[in-house]
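Heads up, the thing below is written out as structure tokens.
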Amino acid sequence: MPAGYTHYVFGEQVLDQLNESIKKRIMPYIDLYHIGIHGPDILFYYDVYKKNPVKSLGFGMHQLPANSFFKHAKELIKQDATDAALAYTIGFITHFTLDSSLHPEIGVLENTLSMTHSLLESELDRELLVRIGKDPLTANLTTHIHPDYTIALVIAPFFDLKAEEVDKALHDLLFILKWLVAPTKLKRNFVLSVMKLGGMYEEYKGLLINYEKDEHAANDINHLIEMKDEAVPLAVSLINEYVDHLDDDYLNERFNRNYE
């Protein structure tokens, strides 16, 4: 999941800054919040080796204005006797905020640095891991994702999918990302070979974190991290406002943007 760790870090930064009343509503459903911070990306890995509507939905949502999703989310929150749907939606807001804040700059860097989107985001994950003393080649980046069928039942209506499809997407995600932790050359070559056989090499090779830091991109990666930090207050503000307006149709105009 390109920038999956970055989204996790951002989600934790935002959670830390939320007021206590909202935190108290999230914490009983923290697993849903933690999945929400990955937004539509959780659908990328559903039967990853072949085209399918679930995977296409995940990619397609990034090109669409976010407002329809978050309007629909309000209806689901109203129907939920618990705060499960709310916790998931709040996590999703962090995903949207970070994507819409960083993706325009990443799009520029793709051209100026001649690097793919996924490779840039892998470099971003790498730098954040190194900064806290973790080995980016061996770190398990999915310890916060705990799928089960109950969770899938909450998430499925957000995408108009079956709970079985969401549950499979989450388990496929864990399976694929486990394989992408490839510190040895033997495993790395195997994974790259499978990508080539599946016709996915160009699209997915950037998901593997490189052995060495790309010094050519170092300054720009540092700038992206600064942009991430600067987006935290925006996410907090959007969440506070969204929660304040759960009972009406108001949405901040920021949600008129897409994820790119």
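Brief remarks on what is shown
- Meets criteria (closer than 30 Å to E75 by Cβ, surrounded by 14 or more Cβ atoms within 10 Å (Cβ to Cβ) and without any contact (Cβ under 8 Å) to a residue 24 or more places away in the chain) for N252: yes
- Region 206-217 - residue that is in a helix (DSSP H, G or I) and either in contact (Cβ under 8 Å) with a residue 24 or more places away in the chain or under 18 Å from the mean Cα position of the chain (by Cα) (or both) and, of those, surrounded by the fewest Cβ atoms within 10 Å (Cβ to Cβ): H216
- Restricting region 181-234 to residues that are of a type in the set (D, E, K, R) and at pLDDT below 85, the residue that is nearest to F92 (Cα to Cα): E203
- Subset of region 30-83 that is hydrophobic (A, V, I, L, M, F, W, C) and outside any helix (DSSP H, G or I) - its residue that is farthest from L251 (Cα to Cα): V48
- Look at (1) assigned to a helix (DSSP H, G or I); (2) surrounded by fewer than 12 Cβ atoms within 10 Å (Cβ to Cβ) and you find that V236 fails only one, number (2).
- Taking region 110-121 as the range and being at pLDDT 90 or above and among the hydroxyl-bearing types (S, T, Y) as the test, only T112 passes.
- Residues (of a type in the set (A, V, I, L, M, F, W, C) and surrounded by fewer than 22 Cβ atoms within 10 Å (Cβ to Cβ)) located in region 27-43: M27, I30
- Yes/no for K23 being of a type outside the set (V, I, T), in contact (Cβ under 8 Å) with a residue 24 or more places away in the chain and in a helix (DSSP H, G or I): no
The values are calculated or read from the model by the stated rules, or taken from the named source; none is laboratory data. Quick caveat: nothing in here was measured; it's all calculated off a predicted structure. Don't worry about glycine lacking a Cβ; one is built from the backbone with ideal geometry, like all the others, and counts go over all protein chains shown.
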